[in-house]
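The values are calculated or read from the model by the stated rules, or taken from the named source; none is laboratory data. Here the structure is a predicted model, which means the values were calculated and not measured. Reconstructed Cβ throughout: ideal geometry from the backbone, glycine too, with neighbour counts over all protein chains shown. These accessible areas exclude ligands, DNA and RNA; they are computed on the full protein's heavy atoms, side chains included. Shrake-Rupley method; radii C 1.70, N 1.55, O 1.52, S 1.80 Å.
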Amino acid sequence: MCEDWGRESEWVLEKYARFVSGGTTSPPGKPDGEWKVYEGKNGKMKLRLTSSAQLLIDEDGNVLESHCLLNAQTWMRGVSKGDSMLIVYKIKNESRRFRIKFASLVDKTGVELCQECTAKLTKYFFIKKTDFATEIAQPVENQQKENDSINPDQIPHLEGAVPVATIAKVLTGDLKARLPLAYQNTNLPVEELNTLIRLCLTDSTFPAFVGQVEQELCKIVKEDTI
């Protein structure tokens, strides 16, 4: 995965949909919520995979999704079908999901672009690929089955003191494993972390700093394999 750092990719989207929970108990067999669909206009809706392993979906400056893919194999999964993709992820035991449909360009179809994007993202998390095309508005019940299939417990857990090189491999995605709980907690309150990140993003030198950190992580991984 380290060989892709420093490169940025982007794809134009025709549609983006986010499942919004209704917050109420629904009858059996019916989804508890609805899909909020956004239509891409004039090629302004894009999925970006940044040089710092950040997955972004935005439209004309409005960020719809933003996820750091480092260690994403432990909490994110996807399904790729034709020109569309479903992505499911977990945050604090809460499952969320969104769908995207790739727009066809002059030289490539939406199916080809979806395959291209899938090949890039599978370096960070598992994506189930199917051979038949489907519309983006597939039944929510099928998507719930994919949602329920995500089981982080299937990822091996590391125990005890973890070597620095091993930590670097987990963070870069070169090793699919979960760090001990001691490495997963932070003393900084979530609300303060959000403010800190926003302040960092206002610093024009911050993206370069993140890139340098990633390069050093790659160096540590490579040094361990020599």
Just name the residue that is farthest from ASN71 (Cα to Cα) out of those in the stretch 154-178 that are at pLDDT 75 or above and among the small types (Gly, Ala, Ser). ALA165
Starting from the stretch 113-130, keep only residues that are touching a residue at least 24 places away in the same chain (Cβ under 8 Å) and within 24 Å of LEU171 (Cα to Cα), then list their pairs with residues that are of a type in the set (D, E, K, R) and assigned to a helix (DSSP H, G or I) whose Cβ atoms are within a distance under 7 Å, requiring at least 6 positions of separation or different chains. LYS123/ASP4
Restricting attention to the stretch 71-120, which residues are of a type in the set (A, V, I, L, M) and either under 21 Å from LYS44 (Cβ atoms) or in a loop (DSSP other than H, G, I, E, B) (or both)? MET85, ILE87, ILE100, ALA103, LEU105, VAL106, LEU113
Answer residue from the stretch 86-105, given it is of a type outside the set (Gly, Ala, Ser), open to solvent by 20 Å² or more (accessible area, probe 1.4 Å) and modelled with pLDDT of 90 or more and is nearest to the chain's Cα centre (by Cα) among those: LYS101
Just checking, does the stretch 192-200 include any residue being within 21 Å of the chain's Cα centre (by Cα), of a type outside the set (D, E, K, R), open to solvent by 100 Å² or more (accessible area, probe 1.4 Å) and at pLDDT below 70? no
Restricting the search to the stretch 41-62, which residues are more than 24 Å from GLN215 (Cβ to Cβ) and either surrounded by fewer than 19 Cβ atoms within 10 Å (Cβ to Cβ) or among the hydroxyl-bearing types (Ser, Thr, Tyr) (or both)? LYS41, ASN42, GLY43, LYS44, LYS46, ASP58, GLU59, ASP60, GLY61, ASN62
Meets criteria (closer than 30 Å to VAL210 by Cα, assigned to a strand (DSSP E or B) and modelled with pLDDT of 60 or more) for TYR38: no
Might you let me know whether the stretch 112-130 holds any residue that is open to solvent by 80 Å² or more (accessible area, probe 1.4 Å), modelled with pLDDT under 95 and closer than 19 Å to ARG18 by Cα? no
Looking at GLY78, is it on the phi > 0 side of the Ramachandran plot and either free of Cβ contacts under 8 Å to residues at least 40 places away in the same chain or of a type outside the set (Lys, Arg) (or both)? no
Selection count where residues are open to solvent by 60 Å² or more (accessible area, probe 1.4 Å) and in contact (Cβ under 8 Å) with a residue 24 or more places away in the chain, scope the stretch 201-216: 2
